[in-house]
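The values are calculated or read from the model by the stated rules, or taken from the named source; none is laboratory data. Computed from a predicted model, the values in this text were never measured in an experiment. Cβ placement follows ideal geometry from the backbone for every residue including glycine, while neighbour counts extend to all protein chains displayed. For the accessible areas, the whole protein counts, side chains as well, though only heavy atoms, and no ligand, DNA or RNA atoms are used. Shrake-Rupley method; radii C 1.70, N 1.55, O 1.52, S 1.80 Å.
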Amino acid sequence: MIQKKYAIQIDDLTVAYNYKPVLWDIDLLIPEGVLMAVVGPNGAGKSTLIKAILGIIKPIAGSVKIFGKPYKKQVNKVAYVPQKGSVDWDFPTTSLDVVMMGTYGSLGWIKRPGSKEKKQALEALEKVGMLEFKNRQISQLSGGQQQRIFLARALVQNASIYLMDEPFQGVDATTEKAIINILKELRKAGKTLVVVHHDLQTVPEYFDWVTFLNVKGIASGQVKEIFNDNNLTKTYGINYKVAINK
Ligand SMILES: Nc1ncnc2c1ncn2[C@@H]1O[C@H](COP(=O)(O)OP(=O)(O)OP(=O)(O)O)[C@@H](O)[C@H]1O
């Protein structure tokens with residue numbers, strides 16, 4: 001049998017804060033090349049799952065593998081767009097500087113970013129529609145604009161896997177469309193995207209893969225197969241009916 005290639009493999013993962021489990025015995029296989037939504041109610045453990053994949057949080061049991069190896073060995077393959085508001089932007093730095101930081105991983109310890117990296121950063125800023133703000137202090141941008149800068153920084157990382165914690169939170173409709181188009185482009189290029197997402201109505205339009213989470217893993221698979229009222233009800237605990245135009 002040919003072994004299917006998984007971008008992320010999670011086995012028996014349990015994570016607790018102050019001895020209280022917030023993720024319980026999660027098994028999850030995320031195939032390479034999917035654009036996946038992680039859905040579940042507030043406090044379901046979605047952000048914790050992302051942080052556990054990144055090794056920011058140490059699980060009390062279980063393992064996470066990135067293309068078959070521990071995250072520590074695959075750092076350069078993974079880009080992370082954190083949740084808005086989770087970063088303190090008060091330090092004085094420009095949009096361009098923040099995006100340039102995304103290139104550091106590929107440079108190693110000694111080399112400093114040069115004209116090639118600057119060109120990449122400017123291209124990424126253009127892609128997210130933020131070129132005109134390149135010299136603006138990051139603290140002087142709106143929340144939605146900061147979100148675009150985060151995305152540009154992830155783009156220059158040229159990773160294989162993108163982990164995004166609610167990239168659409170607090171952005172306007174135009175920005176949302178711009179972001180989803182970029183995510184779809186990345187998928188077309190063979191990248192794997194894991195996106196924490198709250199708007200259930202847009203799941204079928206935006207994503208091809210979905211994971212339902214509520215402390216436990218409820219279901220994971222193709223949107224067209226498993227995104228239904230049954231799984232939504234199991235996850236959200238109420239009799240769920242979404243009006244979805246499939
Ligand atoms: N640093 C922490 N210390 C203690 N408990 C925490 C910590 N971070 C998160 N929690 C708790 O862990 C649980 C899962 O939180 P998490 O942020 O992963 O949920 P989420 O699904 O991303 O929620 P939301 O949709 O509200 O963003 C929650 O009950 C939360 O209160």
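For the stretch 29-36, take each phi angle, set θ = phi - 60°, evaluate the Karplus expression 6.51 cos²θ - 1.76 cosθ + 1.60, and give the result in whole Hz per residue in order, putting x for glycine and proline.
10, 10, x, 5, x, 9, 10, 10
With the cut-off at 1.5 for a/c, could you classify the stretch 173-219 from its C-alpha gyration tensor as rounded, prolate or oblate?
Here the stretch 173-219 falls in the oblate category.
For the chain, take the longest principal axis of its alpha carbons; what is the angle in degrees between that and the long axis of helix 143-156, to the nearest 10 within 0 to 90?
Once rounded, the angle reads 80 degrees.
How big is the chain along each principal axis, measuring the range of its Cα positions in Å and listing the largest first?
51, 42, 39
With the other protein chains left in place, how much accessible area per residue, in square angstrom, belongs to the chain at a 1.4 angstrom probe?
That works out to 52 Å² for each residue.
Could you tell me what percent of the accessible area of the chain is made up of carbon and sulfur, with a 1.4 Å probe and every protein chain present?
That share works out to 50 percent.
Please list, in chain and number order, the residues 5+ apart from Tyr162 or on another chain whose amide H is under 5 Å from its amide H, with Hs placed from the backbone.
Ala79, Thr192, Leu193, Val194
For the stretch 199-204, in order, what is each residue's ³J(HN,Hα) by Karplus, 6.51 cos²θ - 1.76 cosθ + 1.60 with θ = phi - 60°, in whole Hz (x at glycine and Pro)?
8, 5, 4, 8, 3, x
State which entries of Lys46/Lys119; Lys46/Lys188; Lys118/Lys184 exceed 29 angstrom in Cα-Cα distance in the structure shown.
Among Lys46/Lys119; Lys46/Lys188; Lys118/Lys184, the Cα-Cα distance tops 29 Å for Lys46/Lys119.
Which links in Lys65/Lys191; Lys65/Lys224; Lys51/Lys134; Lys73/Lys216; Lys77/Lys224; Lys20/Lys72 stretch past 22 Å when you go from one Cα to the other?
In this structure, Lys65/Lys224; Lys51/Lys134; Lys73/Lys216; Lys77/Lys224; Lys20/Lys72 exceed 22 Å between Cα atoms.
Could you report the accessible area of Asp172 in Å², rounded to 10, computed with a 1.4 Å probe on the protein chains as they sit in the structure?
90 Å²
Can you tell me the length gained on complete extension of the stretch Ala173 to Lys116, counting 0.36 nm per residue apart and subtracting the Cα distance?
Using 0.36 nm per residue and subtracting the Cα-Cα distance, I get 17.3 nm.
Run the helix sum for the chain: -39,500 (n - 2.57) per DSSP H stretch of 4+ residues, divided by residue count, reported at 222 nm to the nearest 500 deg cm²/dmol.
Computed mean residue ellipticity for the chain: -9000 deg cm²/dmol.
Run the quick spin-label model on Glu132 and Leu54: label points 7 Å from Cα toward the beta carbon, then report their separation in nm to one decimal.
3.1 nm
Between Ala61 and Asp12, what is the label-point separation in nm under the 7 Å Cα-to-beta-carbon projection?
0.7 nm
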